[in-house]
Structure formats: C-alpha cells, structure tokens
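The values are calculated or read from the model by the stated rules, or taken from the named source; none is laboratory data. It should be emphasised that the depicted structure is a prediction, and the values quoted were computed from it without experimental measurement. Because the Cβ atoms are built from the backbone with ideal geometry, glycine has one as well, and the counts that use them run over all protein chains shown. Accessible surface is based on the protein model in full, side chains and every heavy atom, while ligands, DNA and RNA are left aside. Shrake-Rupley method; radii C 1.70, N 1.55, O 1.52, S 1.80 Å.
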2 protein chains.
Amino acid sequence: MAFLPLLEEVVRSVDGALACSVMGFDGIAVENFQIDAATDLDVQSTLIEYAAVLGQVKNAAQLLKTGAVTEVSINSDQVLTIMRLVTDEYFLVLALSARGNYGKGRYALRITAPRIRDEL
Amino acid sequence: MAFLPLLEEVVRSVDGALACSVMGFDGIAVENFQIDAATDLDVQSTLIEYAAVLGQVKNAAQLLKTGAVTEVSINSDQVLTIMRLVTDEYFLVLALSARGNYGKGRYALRITAPRIRDEL
C-alpha cells in the first residue's frame, strides 16, 4: 500500500495544491500528504466532514440516469476540493487554494485513481 | 423577473459554457439560457437530476462546521456543472464543456448570484 508517493506526486504537480488524501466514505483517511504551508488549515477535519457529504452525493448519484458522475467538488471562498471515486468504499480528494489549477487537479486525480486502485 | 439577460451574459462571457439556469431545489427551472449547440445535450433533464443531488449536499453542508460552502460541482467526463446557492430555495447552475473555463465560470456565478437574488 505505497500510497504516499502517489499522493505527493499529485500535490507537487498541481499549482496551488494543499493536500491529497485517500479516504473511506466513513471519513477515515487511509493516507494523506499535505504541504507544510497547509498546516494552519485544518485539512483533515474539513475532509472528514466532506466525506459525509460525498457519501450523500454518491447515494444520490446512483439514482442519476446521466450516469458517469466521476467527480464532485465542494468549494468555499478559500479552498477548492476535488473528490474522485476510486472504489465503492474509497475516494481520492485533492484540496487546492482558490487560485489553484483546477483543470490540472482534475487531470492528476484522473490518472492517479487507477494507480491507487491497484494498490488497494 | 428579468433573469434571461443575466443568464445569457454568463453563458456568453465564459469559454465553453453550454447553459445557465436559475433553478429551485424542487428541480424546476425558473429560467434557462442555453446555446444552440447544446440542444443535443439534454441539459434540462440533467439539471433536474442534479438539483436532487444538490438538495442532499445542501442538507449535509448545513451540518459542516467549515461553513461557507459556496459552490458544488458535479462533473462527468463530458460536462462540468457549477452550482451556486442564491437563496434557501433557489440556485444558479452553469454547465460547461469539460474543456471550458472553470475559473471564469466560478467568477461569473459569484457576481451574478446577488443580481439574481435582487430579481427574485
């Protein structure tokens, strides 16, 4: 379960990235990498709270005919998060500053999710 | 209730924008503007389905200590949506192609939401 290098790679490759985690829908982080500058931001407790929200979205999204909901973002004025499903139990979440590169963040999660899945 | 010019302004100002609507949490669109090229995309039925998801997020977000959740995005591989609360009953939603300008879309909704609120 060598997640940490993958998470660090995501954070290092995306401008404005603050933290990247593998989390369960129970809100427990399996692994987390965050930049030092993000320590004042309480990333962990925020992510745990968002996990509960994402669980609701996942349940609702399963009812969608549109299918193929691959990502959900929850944004405040300061922090953007991008959450991407890895398996039915786990997801990847990337926290970015509001001026971070959202498109690059989406790309990094898209290519990293299958690599995380292989490690689970 | 002169929403339509505001919605058109959002769509015209954001690269890759497909449609912009004022919707209620019941899934009923109050007003919608969409570009002609988006007619093959069934924007309306997608947005109605997303309204149900957003309602769940809104309920869950009220439990968040982090507060200040201002936006939620639900993305598939083809379409990005940005949803921003206008009042307790209504929200603005912008649909973008996957290569659209997400940052500009966020900005356009942020400045348009209070103008819509004034009209409601």
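Numerical summary
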| item | result |
| --- | --- |
| Conditions (1) at negative phi; (2) in contact with a strand residue (DSSP E or B) (Cβ under 8 Å, 6 or more places away or on another chain); (3) modelled with pLDDT of 70 or more; (4) open to solvent by 10 Å² or more (accessible area, probe 1.4 Å): number failed by residue A:16 | (1) |
| Number of the exception - residue A:68 against (1) surrounded by 14 or more Cβ atoms within 10 Å (Cβ to Cβ); (2) modelled with pLDDT under 85 | (1) |
| Single residue of B:52, B:61 found to be crowded, with 21+ Cβ neighbours inside 10 Å, at pLDDT below 75 and under 15 Å from residue A:72 (Cβ atoms) | B:61 |
| Residue pairs meeting the criteria (Cβ under 7 Å; at least 6 apart or on separate chains; first farther than 17 Å from residue B:76 by Cα and charged (D, E, K, R), in the range A:85-108; second open to solvent by less than 40 Å² (accessible area, probe 1.4 Å) and not in a strand (DSSP E or B)) | A:99/A:16 |
| Residue B:108 being at pLDDT below 70 and within 21 Å of residue B:5 (Cβ to Cβ) | no |
